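Accompanying notes for the structure given below.
The values are calculated or read from the model by the stated rules, or taken from the named source; none is laboratory data. Keep in mind it's a predicted model, so treat the numbers as computed, not measured. Cβ sites come from the backbone with ideal geometry, for glycine too, and all protein chains shown count toward neighbours. Keep in mind that these areas ignore ligands, DNA and RNA; they rest on the heavy atoms of the full protein, side chains included. Shrake-Rupley method; radii C 1.70, N 1.55, O 1.52, S 1.80 Å.
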Amino acid sequence: MPIRYRSLLLLLAFAAGLSGCGTVNEKLSAGMGDYVPQWAGGLPADAPPRPGTPQYDAYLKERERKRLLPAADREKEEQAQKGTTGSTSGDAVR
């Protein structure tokens, strides 16, 4: 019988330890995602800024400005942005 109680106690200790890791990882993952490179599963390059930062407020203002533009002006602006980056749909790799 002592082996049975020891294994049960060991199982409970492992369960308690693993449940503690779940709360630690939840808090760490919120900040660590910013430091992991994209190729390793981090944030993509076009991800919006984190809420509560000055960049986030500017991002929301720009998004609201674009939302209020008429559709024709919005399309012209998007085409102008694509033209400045140099990427066109005619540059297909063959």
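With the simple spin-label model, which puts each label point 7 Å out from Cα in the Cβ direction, the Tyr5 to Leu68 separation comes to 7.3 nm. Taking all protein chains together and a 1.4 Å probe, the residues Tyr56, Tyr5 rank Tyr5, Tyr56 from largest to smallest accessible area.
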